[in-house]
Amino acid sequence: MNPITSKLPQVGTTIFTTMSAMAAEVGAINLSQGFPDYDCSPELIELINKAMRDGHNQYAPMAGVLSLREEIAKKVEKLYGGKYDPVTEITITSGGTQAVFTAISAVINPNDEVIVFEPAFDCYAPAIKLMGGVVKSLELNPPDYRIPWDMVKKLVSSKTRLIILNSPHNPTSTILHKEDIDELSAIVKNQDILILSDEVYEHLIYDGETHQSMARYPELQQRSFIVASFGKLFHATGWKVGYCLAPAFLMEEFRKVHQFLVFSVNSPMQYAFAEYLKNDHVYTDLPSFFSAKKRLF
């Protein structure tokens, strides 16, 4: 039998797995992977237990529990002003990584070019390559790791299909500013370029800065997938629940892939999150919560 031809010949074990194993082996403080060393809210655990006892243990709807999608829509509109229809424009995913992979799978065809800013979360490039797309990398430089928009303009071509943004940025922690939004808007105007905005760290914003979500800007919102994560939001990365926001015409394509990738996501946790989100302090208080930890560090 002939060996198979690998679709990702240069890809080995993810660096997160490698570094976390090393940290565990020597007892080091692990700063390499984005999970906390403290537990999530006991109230949230009780809500999940209640959801299980109430019988929410079978398949959720493919797009996610509607009550949770409704709470997400309220949260996004309150924070950023962007309006999303919970029926057609919000989908619950098995974590942020699945949302990223699904969005890329839905819109990238062979030879489509995708602009990625390096260093980047390690799932972006493999997903693009699996779809036959071309990764156009642009390196961010210290000390501030700001996006060099003059270089972005030079990378854009007739084959550019997608720009992937990540703010706050993993791993450099830089954030988008209003002038970045202006530059981005000018580049994509009158172009068939989509945006994938990885916003899983949306609440790790300090010092009076503002999170520049694509949901704030209608002209960008209408061409963007926005990815978020309850694992990052509520310190429960092992539960692997996230979501994606997108205008209906993009979400329709997203769900075509999603339904055959995971179909639906953990039911009791969705019901618990829907109830937990009704108290907006669980997310509005996060910046001060993390600011204290940042000062200590």
Margin query: Exactly one condition in (1) part of a loop (DSSP other than H, G, I, E, B); (2) at pLDDT 85 or above is false for Met1; which is it?
Written below: (2)
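Conditions tested, residue by residue: (1) modelled with pLDDT under 95; (2) buried (at least 17 other Cβ atoms within 10 Å of the Cβ).
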{"site": "Ile108", "(1), (2)": "no, yes"}
{"site": "Tyr124", "(1), (2)": "no, yes"}
{"site": "Asp144", "(1), (2)": "yes, no"}
{"site": "Lys153", "(1), (2)": "no, no"}
{"site": "Ser157", "(1), (2)": "no, no"}
{"site": "Arg161", "(1), (2)": "no, yes"}
{"site": "Val188", "(1), (2)": "no, yes"}
{"site": "Leu204", "(1), (2)": "yes, yes"}
{"site": "Met214", "(1), (2)": "no, yes"}
Next item on the list: Filter segment 7-27 for residues that are part of a loop (DSSP other than H, G, I, E, B) and at pLDDT 85 or above and give the result.
Entry: Lys7, Leu8, Gly27
Check: Do the conditions hold for Phe254, that is, is it assigned to a helix (DSSP H, G or I), under 25 Å from Gln58 (Cβ atoms) and either of a type in the set (S, T, N, Q) or touching a residue at least 24 places away in the same chain (Cβ under 8 Å) (or both)?
Finding: yes
Next item on the list: Would you mention how many residues in segment 77-95 are touching a Phe, Trp or Tyr at 6+ places or on another chain (Cβ under 9 Å) and either surrounded by 24 or more Cβ atoms within 10 Å (Cβ to Cβ) or under 13 Å from Leu66 (Cβ atoms) (or both)?
Entry: 4
Next item on the list: Counting only residues that are under 24 Å from Val241 (Cα atoms) and touching a Phe, Trp or Tyr at 6+ places or on another chain (Cβ under 8 Å), give me the strands (runs of 3 or more DSSP E) lying completely in segment 96-192 with at least 3 of them.
Entry: 160-166
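Can you find, within segment 1-20, the residue that is nearest to Pro110 (Cα to Cα) among those that are aliphatic (A, V, I, L, M) and surrounded by 12 or more Cβ atoms within 10 Å (Cβ to Cβ)? Give the steps one after another, and end with the answer.
Initially, segment 1-20 is screened for residues aliphatic (A, V, I, L, M), giving 1, 4, 8, 11, 15, 19.
Right, trim to surrounded by 12 or more Cβ atoms within 10 Å (Cβ to Cβ) and you get 11, 19.
Numbers: Val11: 19, Met19: 33 Å.
Applying the filter and picking the extreme gives Val11.
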Notebook entry, point to check: Restricting to segment 204-228, what's the tally of residues that are charged (D, E, K, R) and closer than 18 Å to Lys75 by Cα?
Noted result: 1
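The values are calculated or read from the model by the stated rules, or taken from the named source; none is laboratory data. In this text, all values refer to a predicted model and were calculated from it rather than measured experimentally. Because the Cβ atoms are built from the backbone with ideal geometry, glycine has one as well, and the counts that use them run over all protein chains shown.
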